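Please read the structure below before turning to the comments.
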Amino acid sequence: FLFFFQFYFFPFLHFNIFFSHNMLLVMCLPWVLDYIFLRVKIMMMVSHLGLPFLFLLASVCSIQALGQCSIEATPSVVELREDVPSGTVLAQLQLLNAPMGEAITYVEPQVFKVDAINQLVVDVDNLVNAEKNIFYPTFNITIASSCAEAIITVTTIDVNEDPTKLLIDGDSQTTVIQFKENNVQPVILSTIDEDTNQLHAYTITGNDANSFEIVNTNNLLPRTGVANFETAPQYGYNITLTSTDQPFTTLDGTSVVGGKTISRDVRVFIVNVVEAPKFGAESYTVFTNGRELTLFQVPGLIATDDDSTTLFYSVGTITVIAYTSDIPSSFSTMAPQTLNPSVPLVEFVNVDDPTLMFIHNTSPGVYNLSCELLATDGNGQKGHCILFLNVVVLPGTSTTTTKTLFMTTPPPATTTTTTT
């Protein structure tokens, strides 16, 4: 009204006061103002029907319409799966009794949006996480225009989700596995899955799958024969490891079959290591005539080395474990021994061992001895076993005063030696 007061009232007042010189009018100014205001109002509403009047009329109509505007969602009850992707339409929205040009302009949470045709749409991926209580099990979406507001309640559903990572000894990136030969240390497989209460099964496929196995649910190991570098058919293998999730019950009590998988192609290598020689047994026992027999054989006594190096034999300190003066009758006529040239020999020759010297020059009887038998390869690796010697000292005079253990080179394969 100030706008029209300026253009209608002031000119009239200016004319009456300064040009008519009518002092009476000035004295009667309050009545004059009432008259002018009435004239302005009539001119605006009746004579001119100008823009202010139309604006006032439109405002009144808008206020009346504001009380009737509403937002309707179809469907009115919305369910949302945990694995819902971005772009999924949840509901069709409609503005009812809205002024022309009115639109839905507000959506909260802002992970949703209203598109050009008034569809309520999911605007991000991985929206719901039941295990972390993110938008689970229910939440509200508020939508509004300038004349109406609506709240939509959404129920979310826990589902079986894909495993996200396959870990090899805790590593989610590696594509290379190394096994040290003859090493029983397994590679541990594990899986990261949003469904934290779900178990997983592991399988091996690919060109060389038969060379490996899964033991104890998630331990990857090479099969027998593969783990030995010297005898393995090859040193590099290509396999595919797969983790498959198993049946489980979701957080909302639904039974899920499972079967979702994640896989990784890996290259497996068998790594050579320097290995120690190995005897065929942890200990060996032999009986020998302490006065007459200078060479004796131990059945099965042999050391092997996967590194195929020459072995050197030696013996530790000989220890007397026990002695008895009673000689079994079976030993009283102990005959000379015929040696098999293909069997490793142990020989008493040219070393002055105090323990043996004691035996050779003491009373007859049976002496129980022990010593550590060593096999050393060209790399300095040692294998060992225990040799138990039951030395029978028969009555008579010793013909050999010094003896030592071991010959490092077997006799020729074509030679048969008889020793007394």
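The values are calculated or read from the model by the stated rules, or taken from the named source; none is laboratory data. Every value quoted in this text rests on a predicted model; they were computed, and no experiment measured them. Neighbour counts are summed over all protein chains in view; Cβ atoms, including those assigned to glycine, are modelled from backbone coordinates with ideal geometry. Accessible surface is based on the protein model in full, side chains and every heavy atom, while ligands, DNA and RNA are left aside. Shrake-Rupley method; radii C 1.70, N 1.55, O 1.52, S 1.80 Å.
The table below lists the values:
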| item | result |
| --- | --- |
| Residue satisfying all of: in region 87-121; without any contact (Cβ under 8 Å) to a residue 40 or more places away in the chain and closer than 22 Å to VAL159 by Cα; most open to solvent (accessible area, probe 1.4 Å) among these | VAL89 |
| Close pairs from region 188-204: first farther than 25 Å from ILE134 by Cα and aromatic (Phe, Trp, Tyr), partner assigned to a strand (DSSP E or B) and open to solvent by 40 Å² or more (accessible area, probe 1.4 Å), Cβ under 8 Å, at least 6 apart | TYR202/ILE214 |
| THR399 vs. criteria open to solvent by 70 Å² or more (accessible area, probe 1.4 Å), modelled with pLDDT under 70 and part of a loop (DSSP other than H, G, I, E, B) | yes |
| Residue ID - surrounded by the fewest Cβ atoms within 10 Å (Cβ to Cβ), chosen from residues in region 151-178 that are of a type in the set (A, V, I, L, M, F, W, C) and closer than 23 Å to VAL89 by Cβ | ILE151 |
| Hits in region 125-149 (condition: open to solvent by less than 40 Å² (accessible area, probe 1.4 Å) and assigned to a strand (DSSP E or B)) | ASN129, PHE139, ILE141, THR142, ILE143, ALA144 |
| Residue within region 221-241 that is assigned to a strand (DSSP E or B) and loosely packed, with under 12 Cβ neighbours inside 10 Å present | yes |
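The rows are residues; the columns are (1) exposed (fewer than 15 other Cβ atoms within 10 Å of the Cβ); (2) touching a Cys at 6+ places or on another chain (Cβ under 9 Å); (3) at pLDDT below 85.
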| site | (1), (2), (3) |
| --- | --- |
| THR254 | yes, no, no |
| VAL257 | yes, no, no |
| LYS260 | no, no, no |
| GLU275 | no, no, yes |
| ALA281 | yes, yes, yes |
| PRO299 | yes, no, yes |
| THR319 | yes, yes, yes |
